[in-house]
1. Just the Kirkwood number for the protein assembly as shown, please: inverse of mean 1/r across all distinct Cα pairs, in Å, one decimal.
2. On average, how many beta carbons from a partner chain sit within 10 Å of the beta carbon of a residue in A:125-131?
3. I'd like the mean, over residues of B:188-198, of how many other protein chain beta carbons sit within 10 Å of each residue's own Cβ.
4. Sorted from shortest, what are the nm distances separating the label point of A:Asp189 from equivalent points in the other copies, each placed 7 Å from Cα along Cα to C-beta?
5. In whole Hz, what ³J(HN,Hα) sequence does the range A:52-69 give by Karplus (6.51, -1.76, 1.60; θ = phi - 60°), x for Gly and Pro?
6. Per Stokes-Einstein, at 25 °C and 0.890 mPa s, what whole-number D in µm² s⁻¹ belongs to the range B:162-215, with the Kirkwood radius over Cα pairs as the hydrodynamic radius?
7. Modelled label-to-label distance, B:Val128 and B:Val21, 7 Å Cα→beta-carbon offset: nm?
8. Where is the GNM fluctuation largest for chain B (alpha-carbon springs, 10 angstrom cutoff): B:Ile153, B:Ile182, B:Ile49?
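What follows is calculated from the coordinates using simple rules that are stated; it is not laboratory data. Predicted, not measured: the structure shown is a model, and the values here were computed from it. When we count neighbours, we look across all protein chains shown, and the Cβ atoms used for this are built from the backbone with ideal geometry, even at glycine.
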There are 2 protein chains.
Amino acid sequence: MADQAPSVRKRTGAKSSRGHVDFRGRLLRAVESLLEGGTSYSDLGIGQIVEAAGTSRSTFYLHFRDKSQLLEECLRAVMDDLLRVAGLTWQLPHDSDRAAVGGAMGDVVSAFATHARLMATVADVAGVDGRVGSALADLMDQGRRNLADHIRIGQQVGSVNAGIDASSTAGLLVAMAERGLIRLTPGADPVALAVIADSMTHIVWSSLYEGAACRG
Amino acid sequence: MADQAPSVRKRTGAKSSRGHVDFRGRLLRAVESLLEGGTSYSDLGIGQIVEAAGTSRSTFYLHFRDKSQLLEECLRAVMDDLLRVAGLTWQLPHDSDRAAVGGAMGDVVSAFATHARLMATVADVAGVDGRVGSALADLMDQGRRNLADHIRIGQQVGSVNAGIDASSTAGLLVAMAERGLIRLTPGADPVALAVIADSMTHIVWSSLYEGAACRG
């Protein structure tokens with residue numbers, strides 16, 4: 001990404017950085033709607049994307065080099081949103097009860113489900129597209145570091161079980177959310193999503209908080 | 001797979017089905033050793049694989065149509081092994097203690113770590129190679145169904161927490177193992193693997209068993 005940004009900036013101009021974000025948003029909605037409609041990522045052409053977004057091929061290439069760069073930027077936009085929502089979980093006050101953790105977890109599942117097809121596509125492509133793979137790995141690493149910090153601080157104040165290893169536990173729980181939500185949310189109705197959120201809350205609550213010094 | 005097996009059988013003959021398994025084993029070891037050595041799957045040529053396995057290109061094509069079929073069969077062989085080891089976890093007696101669960105989980109982590117590069121390759125390729133993707137999804141679904149059955153039976157006999165949803169909890173825990181071990185085990189030394197196994201044991205123990213009617 002870093003080596004591409006300057007040339008894109010130069011072509012679109014500093015004042016249109018906001019314009020780029022808006023344009024990316026339109027393309028993101030077009031891509032998600034095409035994926036929801038059953039088109040596979042490999043079959044998705046730039047022509048279809050720009051038509052669905054009501055723009056032109058030439059405008060597309062003013063902003064993006066190729067479909068891979070678009071997917072990477074869509075992933076970064078969606079993951080920023082998911083990390084923000086997930087952050088509400090690990091930024092909960094340390095004396096939060098299970099209902100508060102469950103509420104935050106419900107928000108994570110809903111936010112993920114909104115982008116389920118895009119996230120499944122990202123997961124499919126990540127292994128063979130180096131840029132998309134790095135973006136996904138970066139963002140999961142960030143989620144893992146944030147959760148590990150939350151665990152360590154919680155252990156200091158007594159709200160998280162003292163005996164657990166922060167780094168590997170965070171890695172396993174983030175992997176559970178990453179892969180579990182990709183496997184379980186596509187096509188799930190609101191009732192099914194609530195059951196998934198409840199199961200995630202149970203796993204997180206019982207492994208991190210239940211039985212810790214200052215929790216019930 | 002199903003549509004390929006008959007022609008392979010016909011060419012190699014019924015008596016060499018054992019020969020095919022042995023040959024596949026040699027190729028599996030060659031592929032794993034090349035991946036461990038740092039060669040990426042996309043760079044891996046049939047020529048390199050047969051050279052490392054001490055066989056010939058023509059013999060390779062008597063057994064496999066292409067590299068994708070070889071990877072799929074390697075995955076099935078490795079996953080059979082992993083499912084067998086994982087099965088020891090959910091086939092534990094229902095009154096097993098935490099140490100027994102931890103021992104079984106340590107075996108799962110070790111078995112996975114032995115094939116860490118192959119499994120990471122499979123995960124990378126699964127999204128874009130339909131046959132490999134289906135094989136991985138089938139095997140994960142089987143793990144999920146087995147674990148869900150274990151949870152339901154445990155709930156009947158009182159060894160697993162009654163309040164949890166078997167299907168989504170099993171889906172999340174299998175996803176945690178699948179993705180977590182792929183992210184955490186490559187390059188991990190025995191001490192790090194023991195920490196990962198301990199964290200998995202804690203998450204599984206506290207979410208499934210701890211606090212259930214007939215456990216401590």
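1. After inverting the mean inverse Cα-Cα distance, the result is 23.4 Å.
2. Per residue, the number of nearby Cβ atoms from other chains is 4 on average.
3. That works out to 2 on average.
4. 5.4
5. Whole-Hz 3J(HN,Hα) from phi for the range A:52-69: 5, 8, x, 9, 10, 4, 5, 5, 3, 6, 6, 9, 10, 6, 7, 5, 5, 5.
6. Rounded to a whole number, D works out at 198 µm²/s.
7. 3.4 nm
8. Its mean-square fluctuation being the largest, the pick is B:Ile153.
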